[in-house]
Amino acid sequence: ADAAAAPKKTIGQHIKTLLIAASVVAIVIGAVQTAPDPAATKPVIKAVPAAGGNVEVQWKKQSFTGVRIEVDRGNGQWVFLDFDTKPHYEDPTPPPAGAAVWRYRAIYLQGDQVFGQWSDPVTIAVRG
C-alpha cells in the first residue's frame, strides 16, 4: 500500500535527475585531469628569419600563460630577452653588421612563475 501511495515521477523529472547526475560526473572527471609534470614539461621552439633580418621565435602556448625567452648572442651568456604571452615572438634586436650565430631558449610561465624545464636551445645565423 505504501508503494501505491508514493507519487510517480514524470518523464521531465527523470530527465532532470539524469542531467544533474551527468553534470556531477562531468565535474568529477574534469577534476581528475592530471597537471603537467614540471620535470618533463618544456616548450618546443624554433628560430626562423623574420622581416628586416630579425628573428622570430616560434612556440606553442599549450595551457600555459606564456614563456620567458633568453638569448645568447654569440658570447656564451644567456640573457633575459622578454616575456611573451602570444605566440610567436619577434626579437626586436637588429642583426649585427657581420655574420653571427644567435641561440634562443624558453621556459613556460604558469601565471607569473616559471614552470617546467628550459626548451632545447635553437640556433640561427644572422647577418645585417
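For region 80-87, in order, what is each residue's ³J(HN,Hα) by Karplus, 6.51 cos²θ - 1.76 cosθ + 1.60 with θ = phi - 60°, in whole Hz (x at glycine and Pro)?
Going residue by residue, I get 4, 9, 5, 9, 9, 10, 10, x Hz, with x marking Gly and Pro.
Report, ordered by chain and residue number, the lysines lying within cross-link reach of Lys86, taken as a straight Cα distance under 24 Å and ignoring same-chain residues fewer than 8 apart.
Lys42, Lys46, Lys60, Lys61
Between Thr85 and Val44, take the C-beta separation as r, use R0 = 22 Å, and let me know the FRET efficiency to the nearest 0.05.
Plugging the Cβ-Cβ distance into 1/(1 + (r/R0)^6) gives 0.80.
How much FRET efficiency would the formula 1/(1 + (r/R0)^6) give for Thr93 and Ala35, where r is the Cβ-Cβ distance and R0 is 41 Å, rounded to 0.05?
Result of the calculation: an efficiency of 0.70.
What are the residues whose amide H is under 5 Å from the amide H of Leu109, where those residues sit 5 or more places off or on another chain and H is modelled from the backbone?
Distant-sequence amide H within range of Leu109: Thr65, Gly66, Val67, Arg68, Phe115.
How long is the gain from Lys61 to Ala100 if the chain were fully straight, where each residue apart is worth 0.36 nm and the alpha carbon distance is subtracted?
11.2 nm
Apply the Karplus parameterisation 6.51 cos²θ - 1.76 cosθ + 1.60, with θ equal to phi minus 60°, to every residue of region 71-79 and state each ³J(HN,Hα) to the nearest whole Hz, in sequence, with x for glycine and proline.
Running phi through 6.51 cos²θ - 1.76 cosθ + 1.60 with θ = phi - 60° gives 9, 10, 8, x, 10, x, 10, 7, 10 Hz.
Where the accessible area of region 57-128 is counted over protein heavy atoms with a 1.4 Å probe, how much of it, in %, is carbon and sulfur?
Ligands and nucleic acids excluded, carbon and sulfur reach 49 percent.
At R0 = 41 Å, how high is the FRET efficiency between Asp112 and Ile15 if r is their beta carbon distance? Nearest 0.05 is fine.
With R0 = 41 Å, the Cβ-Cβ based efficiency is 0.35.
How big is the C-alpha Rg of region 45-128 next to the rule-of-thumb value 2.2 N^0.38 Å, as a ratio?
1.06
The values are calculated or read from the model by the stated rules, or taken from the named source; none is laboratory data. Note that this is a predicted model, so its numbers are computed, not measured. A quick note on method: Cβ atoms are made from the backbone with ideal geometry, for glycine too, and the neighbour counts reach across all protein chains shown. Surface accessibility is based on the protein's heavy atoms, side chains included, excluding ligands, DNA and RNA. Shrake-Rupley method; radii C 1.70, N 1.55, O 1.52, S 1.80 Å.
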